[in-house]
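Enquirer: Would you mind keeping the following structure in view while I ask a few things?
The values are calculated or read from the model by the stated rules, or taken from the named source; none is laboratory data. Source: prediction; values computed, not measured. Every residue, glycine as well, gets a Cβ built from its backbone with ideal geometry; the counts of neighbours run over all protein chains shown.
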Amino acid sequence: MKPLLAVRDLTTVFSLPGGGVARPVDGVSLDLFPGETLALVGESGSGKTTLALSLLRLIPEPPGHIDPASRVELDGTDILRLEPLALRRVRGGAIGMVFQEPGSSLNPVMTVGAQIVETARLHAGLDRRAARRRAGALLADVGLPDTERRLDQYPHELSGGMQQRVMIAMALAGGPRVLIADEPTTALDVTIQLQILDLLADLKQRLGLAVLLITHDLGVAARVADRVAVMYGGRIVESAPAARLFERPQHPYTEALLRAVPRVDRTGERLPVVRGQPPPATDWPAGCRFHPRCPHAWERCRDAEPGLIAFGEQVSRCWLMDEPGRRTP
Amino acid sequence: MSRRLRAGLLAVGVLYLIALLAPVLAPYDPAAQLNLAGGRLLPPSLAHPLGTDALSRDLLSRLLFGARLSLAIAGLAVVVAVTLGTAVGLAAGLAGGVLDGILMRSVDAALAIPRVFLLVAILALWEQGGIGALVLVLGLTGWFGTSRLVRAEVLSLRRRDFVLAARALGLPGWRVALRHVLPNAVAPIVVTATLGVGHTILIEAALSFLGIGVRPPLPSWGNMIADGQAYLATSPWQAMAPGLAVVATVMIFGVLGEALRDTMDPRSR
């Protein structure tokens, strides 16, 4: 099967005041297939959000820029080389995006309806009345009842969960095939988180969307993802079908992350943590970027960075894939 | 709505109503010289509540028609100034970079020239311009502060999540600017416009006092004060009536502006 969205060697560079450069996203390749949910997980500062913004060229330029060798192909068309008009058609059209903070991502002085209508008119070319009907239908789709009243409300009149449903309705208004959700549940209560995740899973099913879900929460990934890609130091370090990744993580970083998830059946124990700090994007470590924090690291890890080494459907950027005997118990 | 805001709105409403109804309210034609022989510099009486001036014109009538001119000139000049300032501030704030630098350094340079000197110089050279020229020149020299204010507001708004979200939905730049950025900057713009009206009335009065704003025989508070100052010792109401009108009006716009700021601008709460 051909991927719907194929990211190849995506590198995003920021020039810093004082002459330095940061590469929060450094040579990332990803495939997103039609009808699947790919979860991109990683800790804060691993480059997840910059990656999401780079896909639609939304990073501020300057100081940022995307390396010209990068490609982001949607159905074979490279988004990074589109003219401004064609790019705007992709944004909110073929690719919808949902952000972390629904409260601040909605315009406070426009009604919910006006904001959805604006997108619907732009991308579907509807007239005012048809766009309003579509906005009502979208709100019903995302599980907001009483749509006529909701359309005329302002964002501050809605709860956080309802606001996120509105954001999702806006992202769907252009009839996208790909939905990028950047930490869509992080700002919400736990019970609401589950509702939103179930909504995303349901929409994926009903509309045949491909979903790129960006999260730092492995529990979120486990609940909805078909595949999981783990990001560390601006790179993908491991990717595999969700079940396989959670059962048999190969990369020591993934392993460490999974061990650090709190469990209700093991209370009272000290939670194992990943030692050390994530490296800064201005100064990635030489060799394997995880080696300063890795319990298994040896000279080879310091000297050379491993590529993505395949093991069935699983790929892992770790020399242990090559020399499993080095794994310390 | 706070009591101050209600009082301010009411007072400004009454002012504009008086200005609008001047022809109905005024007992005489403001330009008519009623009785040059025995009716000059009359003190306030029932027939002339504010007395008459040196040309035997009814002062109350002149004051009412003066309100009309002053409020219209200040209102229109502020509309010109705020529109221009908003456009420049929006462009500078959103474009950033070189355009922002050029626009803002030009504004800095313009602000370094005292406004009244600039106005005197232009209006003294443009004698035939009349009221239209006065409005235009007041407007064209009054937008610098607004442009800075709007630019600062835009700089903080453009980093907000909903602006990024609007771009992520594929809205064109002008639409993001006009529908998402600008409406969120309306509160400080309204406040500065309101305070600007009071300020502009003061400047218009000063220019008319100097004889280069509203020119006789048209009545304006400024030229009424100028006419009256010669008789300060003998009939002080000549200059005091229009003077008090200016002070009261500026104060009313000040109160309304402050009240609007308190209500609309969350940062000053």
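Enquirer: Residue under question is A:Ile95, and the condition is that it be modelled with pLDDT of 90 or more and either surrounded by fewer than 21 Cβ atoms within 10 Å (Cβ to Cβ) or within 14 Å of another protein chain (Cβ to nearest Cβ) (or both); does it hold? Outline the logic, then answer.
Expert: Working: modelled with pLDDT of 90 or more: yes; either surrounded by fewer than 21 Cβ atoms within 10 Å (Cβ to Cβ) or within 14 Å of another protein chain (Cβ to nearest Cβ) (or both): yes.
Yes, satisfied.
Enquirer: Being at pLDDT 80 or above, surrounded by fewer than 17 Cβ atoms within 10 Å (Cβ to Cβ) and out of contact with any Asp or Glu (no Cβ under 7 Å at 6 or more places or on another chain) is the filter here, so list the residues in region B:19-43 that pass it.
Expert: B:Leu20, B:Leu21, B:Pro23, B:Val24, B:Leu25, B:Asp29
Enquirer: I've got another one for you. For region A:256-303, name all the residues that are of a type in the set (A, V, I, L, M), outside any loop (DSSP other than H, G, I, E, B) and either surrounded by 18 or more Cβ atoms within 10 Å (Cβ to Cβ) or touching a strand residue (DSSP E or B) at 6+ places or on another chain (Cβ under 8 Å) (or both). Show your work before the answer.
Expert: Taking region A:256-303 and keeping what is of a type in the set (A, V, I, L, M), we get A:256-258, A:260-261, A:264, A:271, A:273-274, A:281, A:286, A:297.
From what's left, outside any loop (DSSP other than H, G, I, E, B): A:256-258.
Of everything in region A:256-303, those that are of a type in the set (A, V, I, L, M), outside any loop (DSSP other than H, G, I, E, B) and either surrounded by 18 or more Cβ atoms within 10 Å (Cβ to Cβ) or touching a strand residue (DSSP E or B) at 6+ places or on another chain (Cβ under 8 Å) (or both) turn out to be A:Ala256, A:Leu257.
Enquirer: Select from region B:74-97 the residues that are in a helix (DSSP H, G or I) and within 22 Å of A:Pro62 (Cβ to Cβ) and list them in ascending order.
Expert: Of all residues in region B:74-97, those in a helix (DSSP H, G or I) come to B:74-95, B:97.
B:Gly89, B:Leu90, B:Ala91, B:Ala92, B:Gly93, B:Leu94, B:Ala95, B:Gly97 - these are the residues of region B:74-97 that are in a helix (DSSP H, G or I) and within 22 Å of A:Pro62 (Cβ to Cβ).
Enquirer: For the list (1) more than 19 Å from the chain's Cα centre (by Cα); (2) not in a loop (DSSP other than H, G, I, E, B), I need the number of the one condition that B:Asp29 fails.
Expert: (2)
Yes or no, residue by residue, for (1) modelled with pLDDT under 85; (2) touching a Pro at 6+ places or on another chain (Cβ under 9 Å); (3) under 21 Å from A:Leu209 (Cβ atoms); (4) within 14 Å of chain B (Cβ to nearest Cβ):
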| residue | (1), (2), (3), (4) |
| --- | --- |
| A:Val142 | no, no, yes, no |
| A:Arg150 | no, no, no, no |
| A:Tyr154 | no, yes, no, yes |
| A:Gln164 | no, yes, yes, yes |
| A:Leu172 | no, no, yes, yes |
| A:Ala181 | no, no, yes, yes |
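Enquirer: If only one of B:Arg160, B:Arg215 is charged (D, E, K, R) and more than 10 Å from chain A (Cβ to nearest Cβ), which one is it? If you could, list the steps in order and put the result at the bottom.
Expert: On the way: B:Arg160 fails: more than 10 Å from chain A (Cβ to nearest Cβ).
From the options B:Arg160, B:Arg215, the qualifying one is B:Arg215.
Enquirer: Among the hydrophobic types (A, V, I, L, M, F, W, C) and in a loop (DSSP other than H, G, I, E, B): is that true of B:Leu260 in this structure? Give the steps one after another, and end with the answer.
Expert: Details: among the hydrophobic types (A, V, I, L, M, F, W, C): yes; in a loop (DSSP other than H, G, I, E, B): no.
So B:Leu260 does not fit the description; no.
Enquirer: Another question, then. How about region A:98-123: which of its residues are facing chain B (nearest Cβ under 7 Å), more than 19 Å from B:Ala177 (Cβ to Cβ) and in a helix (DSSP H, G or I)?
Expert: Result: A:His123, single match.
Enquirer: For A:Gly45, are the conditions met, namely being at positive phi, of a type outside the set (Phe, Trp, Tyr) and buried (at least 16 other Cβ atoms within 10 Å of the Cβ)? Break it down into steps so the answer makes sense when it comes.
Expert: On the way: at positive phi: yes; of a type outside the set (Phe, Trp, Tyr): yes; buried (at least 16 other Cβ atoms within 10 Å of the Cβ): yes.
Yes.
Enquirer: Of all residues in region A:48-69, which are in contact (Cβ under 8 Å) with a residue 40 or more places away in the chain and more than 18 Å from the chain's Cα centre (by Cα)?
Expert: Residues satisfying the conditions are A:Pro62, A:Pro63, A:Gly64, A:His65, A:Asp67, A:Ala69.
Enquirer: Does A:Gly27 meet the test of being outside any helix (DSSP H, G or I), within 18 Å of A:Ile236 (Cβ to Cβ), outside the structural domain of A:Ala124 (by TED's automatic domain parsing) and out of contact with any strand residue (DSSP E or B) (no Cβ under 7 Å at 6 or more places or on another chain)? Give the steps one after another, and end with the answer.
Expert: Details: outside any helix (DSSP H, G or I): yes; within 18 Å of A:Ile236 (Cβ to Cβ): yes; outside the structural domain of A:Ala124 (by TED's automatic domain parsing): yes; out of contact with any strand residue (DSSP E or B) (no Cβ under 7 Å at 6 or more places or on another chain): no.
It is false that A:Gly27 is outside any helix (DSSP H, G or I), within 18 Å of A:Ile236 (Cβ to Cβ), outside the structural domain of A:Ala124 (by TED's automatic domain parsing) and out of contact with any strand residue (DSSP E or B) (no Cβ under 7 Å at 6 or more places or on another chain).
Enquirer: Looking at (1) free of Cβ contacts under 8 Å to residues at least 40 places away in the same chain; (2) surrounded by fewer than 19 Cβ atoms within 10 Å (Cβ to Cβ), which is the one condition that is false for B:Ala152?
Expert: B:Ala152 satisfies all of (1) free of Cβ contacts under 8 Å to residues at least 40 places away in the same chain; (2) surrounded by fewer than 19 Cβ atoms within 10 Å (Cβ to Cβ) except (1).
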